[in-house]
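Report on one structure; see the data block that follows.
The values are calculated or read from the model by the stated rules, or taken from the named source; none is laboratory data. Since the structure is predicted, the reported quantities are computational estimates derived from the model, not experimental observations. Because the Cβ atoms are built from the backbone with ideal geometry, glycine has one as well, and the counts that use them run over all protein chains shown. For the accessible areas, the whole protein counts, side chains as well, though only heavy atoms, and no ligand, DNA or RNA atoms are used. Shrake-Rupley method; radii C 1.70, N 1.55, O 1.52, S 1.80 Å.
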Amino acid sequence: MRYLAIEHAPVSLACQAGQSSWLCTTFHLAISGYNNSVFGWVAVIAAALNLVRPSIVLMTVAIAAAGMGLVLHNAGLAGLAAGLLILSLARPAPAAD
């Protein structure tokens, strides 16, 4: 996303000039998500929920959002989410019945 649309000069200039395509829509969504730290907040919330109640779905969402946050320079919140994910891996295994 970052190298295909946001930092690629021809695509960025075309989208800012008003061109309408799926790539420009994705470009605008990524920029607004970056400006509001959406990727970092989603990663932190999913990682915190995964810490409380582990789930493969929450782990997947947290990893994907933290990765996007780190790549798109939302490193503060995405780094916190990565730390919470590491803590969730340190939980003891559930006792056998």
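Couple of notes before you dig in:
- Output for segment 7-35, where each listed residue is open to solvent by less than 90 Å² (accessible area, probe 1.4 Å) and within 18 Å of the chain's Cα centre (by Cα): Thr25, Thr26, Phe27, Ala30, Ile31, Ser32, Gly33
- Each residue in segment 1-27 was checked for being aromatic (Phe, Trp, Tyr) and modelled with pLDDT of 75 or more, and 2 of them qualify.
- Residue list for segment 64-88, filter: assigned to a loop (DSSP other than H, G, I, E, B) and surrounded by fewer than 16 Cβ atoms within 10 Å (Cβ to Cβ): His73
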